[in-house]
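Taking it in order: structure first as structure tokens, then the write-up.
Only the coordinates and a few stated rules stand behind these numbers; no lab work does. On a predicted model such as this, the values are computed, not experimentally measured, just so you know. No Cβ is skipped: glycine too gets one built from the backbone with ideal geometry, and neighbour counts run over all protein chains shown.
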Amino acid sequence: MSSISRTTTAKPPPRSGRISEAGRPGAPKRVRVAVVTTGLVVAVIGVVLLSTGLGQFATTPGQVIGTINRVVFQGADPLGNQVDAVLWNIRFPRIALGLLAGAALAVAGTVMQGVFANPLAEPSIIGVNAGASVGATLVLVLGVAVTSPWLLPAAAFLGAIVVTVVVWAFARTGGKAAVLTLVLTGIAINAIASAGTSFLIFLGDTTAREQVIFWQLGTLSNATWDAVGVTLIVFVAGFIGCMAIRRPLDVLALGDASAAASGVSVERLRLLAILLACLLTGVAVAFGGIIAFVGLIVPHTIRLMVGPSHRYLVPLSALGGAVLLAAADIATRNLIAFSDLPIGIFTAIVGGPLFLVLLRRTLRGQGGMR
Amino acid sequence: MGGLSLQNIDVRVSHRKILDDVSVNFAAGRVTVVIGPNGAGKSTLLGVASGSIKPHAGVARLGGEDLRKLPTKQAARRRAVMPQDSHVAFPFTVREVVEMGRTPWSGSGPADHDIVEEALGLTGMTDMADREITTLSGGERQRTAFARVITQAAPVTGESVMLLDEPTSAMDIAHAETTLSLARTLADRGAAIGIVLHDINAAAAFADHMVLMQHGKVRVAGSVGEVCMAETLSAVYETPIDVFERQGRVHVIPQR
Amino acid sequence: MRNRYGLAAGITALLIVVAGCAGVADSSAGRDDSTPQTSAAAPDAENALELTGPTEAETIPDMAPVVSGITTKFPATVTDATGKKITIESADRVLALDLYGSLTDTVIGLGLADRLVGRANSDLNHLMADLPVITAGGHDLNTEAILSLRPDLVLTNTTIGTDNNYRQLESAGVTVVRFEHVPSFESIDTTIDLVAQAFGAQKSAAELSEAVDAEMTAAKAEIEAMRAMTPRAPRAAVLYVRGTAGIFFILGRDYGATDVLESLGLADVAATNGITDLKPANAEALVSLNPEIVLAMSHGIESAGGVDGFLKRPGMSATTAGQNRRIISAADNQLLAYGPRTPAGLLALARAIYTDNK
């Protein structure tokens, strides 16, 4: 038991001097978290069910179940049956990649917002997207993407890491990398990387340029089980890492000085968080191209619903990101006959209005802007 | 041993000395209040004591140990800091913010919960514990911060150090009194309390030891009576100030 | 004496007419129209250097089957563009994916049109009118949608779709044969041969190749006749343009410009200036090359604001071609296509260049 004295407050807690706005009304936190979790889990299941059944290669739910039965439980070769081949080799890995990439992007966004103590932060600040762009564009312009399906993702991933490291290195002054310095350095390095990409685009031929454009709009059409495997490993590692730092990430909201005074190694935490965000975003971008918006919108939306504690924010953002991307991908591959639309369009169309609705509802519940 | 001592501290910002050969001792069981005009270096002093500012010369010791050699987490168990700015970036609840005080103590067991509840009670924040901190007034946020500091320092012993930078600046007179009384009580329990205050009267009422700073130097340090002298204060604040005693208490009033 | 000369002249004239008719018979083997060409061309020929104003080459007729009664044999093997040996088990439902339509034309020429199950939006052959368009989405093909057509063989030169699309098709059990896209005359016969191999019908390849070769010979002869009035080879360049925002290039040999220009009796300014792939057609480049005739794709010119918009590009008006507004345009899949319809395409271009038929 603590030995804090009990003799001081004899009078009841005084009312605050000004009329405070009504706090969040109604249900206590735990109930809200439970409701949101259930909702998201149901949404994930729903999206998966819908997604497996929808595609421009017409299938029935019976066929979907049949394929799973044959390939998973009977060890059959998917190529033995065309429906199996299409479902197992083309549709299922794409759905899986959508879920994992969406989760990875959302968790990366969550951690970035925590480490910058700012709800507007997202991984592109530290140069992940710009770096991946340079790597991918280089491979496309050199025309070597054909030589191996791993070359483009590897180049994109490497580019992401290199540029992030450069941003971090330049932002460090006297052993510390303050938030503002990181942001400004990120802006500068992003501009340089962007110029690099533009130059490479200029050097390329028309085919390369088209490919670069579509890569930058994002697509899950390159999904293979190999890609899913790599993404899964990186995601799980990243997710565990982010959960491990969930409490110190919360404390960063108090400001660097207070966080340090509370025993948090702010510099190390910041570096670790940025690294995790870079890895998670990097793997998603490597296989899916630049998919904007998920890292910004999903954590923000989840925070509006369950509050800022990373203990809930990280896993629920993962679920939210998975739902958003997998749902968006249903549209990209089914909306227009014989077309595979860029997914960046849909994450924005779905995510944007949803976020606006939630924001307005929250503001109304609080009687106006804080 | 406890306490936090600063010896011969120099802090420079591009050739200008913000702190010049400053020595202050925040002794255990004592409320030490630092006062001085704007720009005297009070917050910088507290910054050095809290570890966020590295001095260019001199040594800071926590419980006799050099701060530079003390790992962050260990230092945090003995020294809790309430900053001047109690802004919180995200809408954590009051309780969640106070719980952050337990960060340097690994694990969140039932003992933590009790400590948090007690701190909330002491600062009068129990009723507001589930409110989002971003909806609170400035004074309420400061009380929350103080609760967090208490939570971090618990169990309060002779080893504990609490540094408070203008902890009552947004509070009304009643809350300010309650808060400083609470600090006094904590000191009675053995903790070393260091407070930076603007309000000289409040300082005089609650301090065991006062430090008057001017232009980065310690001008006078000692008991309330020693520091609160009309000539000294008038000179340091560069405005005529009257000091008189009434019913055993020192009152400081600018001449009008 | 006069009678012998008269007889000799008469026989010579007869021989010329017979040769001309034979040429007509050969050159119409792969086309649907029945208008005799030879007699119309040479009389219309003018000095290309003196002709002004833009002309569009007429649209050449659809590809028609040349080979009849082709026998296919499976499994067939063919070595693809990467050097890999591909085994084709069956080819009942076929897709031919080529931006310029040459693979499609080859398949049709071999008499295998009824096996095609889909088309690109540039495939306008009436034989394919009822087939679904699979390239609606622009860059990326929707693999599942293509698979919904249940193809068993896909022939491609990867000018449509991405490598990933083809890898995915293969992972769904479809046989994909990749051809190299080589924009030159030699490649026409090579492609015909390889495509026929994919159907196990090598013998029929020769039939189509010979027909195309004969047509080409006749076309070249006709073009020679049309060139008669032009004292020297006009300087010409093939320009690639899309829109008004920076896509404007001079094409060299690697993009198929040289063979076309040379066979038309034009001097390729790109080649003489060492341009082998492509070069931005900025003002300086255009002025230093100074073509007298410009060839471009019709759709490209349209997207650049028509001939007037095209001529407003910086530097264009400083060239002889610009001053004379001598822009020869042709349909996208006609200008640089190297396939069975190339002879007809060349003739259409030649007529546009050397005659005044507007």
Let me know the mean shielding of A:82-88 by other chains, meaning the per-residue number of their Cβ atoms within 10 Å of its Cβ. 4
With runs of 4+ DSSP H residues as the only contributors, calculate the mean residue ellipticity of chain A at 222 nm using -39,500 (n - 2.57) per run, divided by the residue total and rounded to the nearest 500. -22500 deg cm²/dmol
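Indicate the gyration tensor shape class of region B:185-256 (rounded, prolate or oblate), computed on the Cα atoms with a ≥ b ≥ c the square roots of the eigenvalues: a/c under 1.5 is rounded; otherwise a/b larger than b/c is prolate and the rest oblate.
Working: a/c = 2.28, a/b = 1.38, b/c = 1.65.
Oblate shape, in that a/c is at least 1.5 and b/c is the bigger or equal ratio.
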With the dipole of chain A defined by +1 on each Lys or Arg Cβ and -1 on each Asp or Glu Cβ, the option from A:ASN69, A:GLY282, A:PHE57 whose Cα lies farthest towards the positive pole is A:GLY282
Less than 27 Å apart at the alpha-carbon level, and either on another chain or at least 8 residues along: which lysines does that give for C:LYS203? C:LYS73, C:LYS84, C:LYS85, C:LYS220
Sort out for me the Cα centre separation of region A:289-343 from region B:144-188, rounded to whole Å. 44
Would you grab the residues whose amide H sits under 5 Å from the one on C:LEU116? Only those 5+ places off in sequence or on another chain, please, with H modelled 1.01 Å from N. C:VAL94
For region B:74-134, I need the span (max minus min coordinate) of the C-alpha atoms along each principal axis, in Å, sorted largest to smallest. 30, 26, 20
Karplus (6.51, -1.76, 1.60) ³J(HN,Hα), θ = phi - 60°, over region A:107-119, in Hz, Gly and Pro reported as x: 5, 4, x, 4, 5, 5, 5, x, 6, 9, 6, 8, x
Just from its helices, what would the mean residue ellipticity at 222 nm be for chain C, if runs of 4 or more DSSP H residues each count -39500 (n - 2.57) and the sum is divided by every residue, rounded to the nearest 500 deg cm²/dmol? -11500 deg cm²/dmol
3J(HN,Hα) from dihedral phi, region A:315-324, Karplus parametrisation 6.51/-1.76/1.60, rounded to Hz, x for glycine, proline: x, 6, 5, 4, 4, x, x, 4, 4, 4
Is the shape of the protein assembly as shown best called rounded, prolate or oblate, per the rule: a/c under 1.5 gives rounded, else a/b larger than b/c gives prolate, else oblate, with a ≥ b ≥ c the square roots of the Cα gyration tensor eigenvalues? prolate
Roughly how many whole Å is it from the C-alpha centroid of region B:242-256 to that of region C:155-171? 91
Going by C-beta contacts inside 10 Å, put C:VAL241, A:VAL128 in order with the fewest on the left. C:VAL241, A:VAL128
Quick one: which residues, 5+ away or cross-chain, put their amide H under 5 Å from the amide H of B:SER23? H built at 1.01 Å from N. B:ASN8, B:ILE9, B:VAL218
From the backbone phi of region C:333-346, what are the Karplus-calculated ³J(HN,Hα) couplings (6.51 cos²θ - 1.76 cosθ + 1.60, θ = phi - 60°) in whole Hz, Gly and Pro given as x? 8, 10, 5, 10, 7, 10, x, x, 9, 4, x, 5, x, 5
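Taking 8 Å as the Cα distance limit and 6 or more residues as the minimum spacing, I'd like the relative contact order of chain A as a percentage. Display every interim value, and only then the final one.
Numbers: 527 pairs, mean separation 102.6, N = 370.
With pairs under 8 Å counted, the relative contact order is 28 percent.
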How big is the charge dipole of region A:225-370 about its Cα centre, in debye rounded to the nearest 20, if each Lys and Arg gets +1 on its Cβ and each Asp and Glu gets -1 on its Cβ? 600
Can you return the lysines within cross-link range of B:LYS217? Criterion is Cα-Cα under 23 Å, with same-chain partners fewer than 8 residues away left out. B:LYS17, B:LYS42, B:LYS54
Quick one: grab the alpha carbon gyration tensor of chain C, order the square roots of its eigenvalues as a ≥ b ≥ c, and give me rounded if a/c is under 1.5, else prolate or oblate depending on whether a/b is larger than b/c. oblate
For region B:187-256, state which GluC sites (Glu not before Pro) are in a DSSP loop and have at most 16 other beta carbons lying within 10 Å of their beta carbon. B:GLU238
Cut-off under 5 Å, modelled amide H: who pairs with B:LEU164 long-range: B:MET82, B:GLY194, B:ILE195, B:VAL196
How high is the relative contact order of region B:45-121? Use alpha-carbon pairs under 8 Å, at least six apart in sequence, and give a whole percent. 21
Region B:1-76 and region B:196-239 have their Cα centres apart by a whole-number Å value of 18
With +1 on the Cβ of every Lys and Arg and -1 on the Cβ of every Asp and Glu, the dipole magnitude of chain B about its Cα centre, in debye rounded to the nearest 20, is 780
Longest to shortest principal axis, alpha-carbon extents of chain B, angstrom: 53, 42, 33
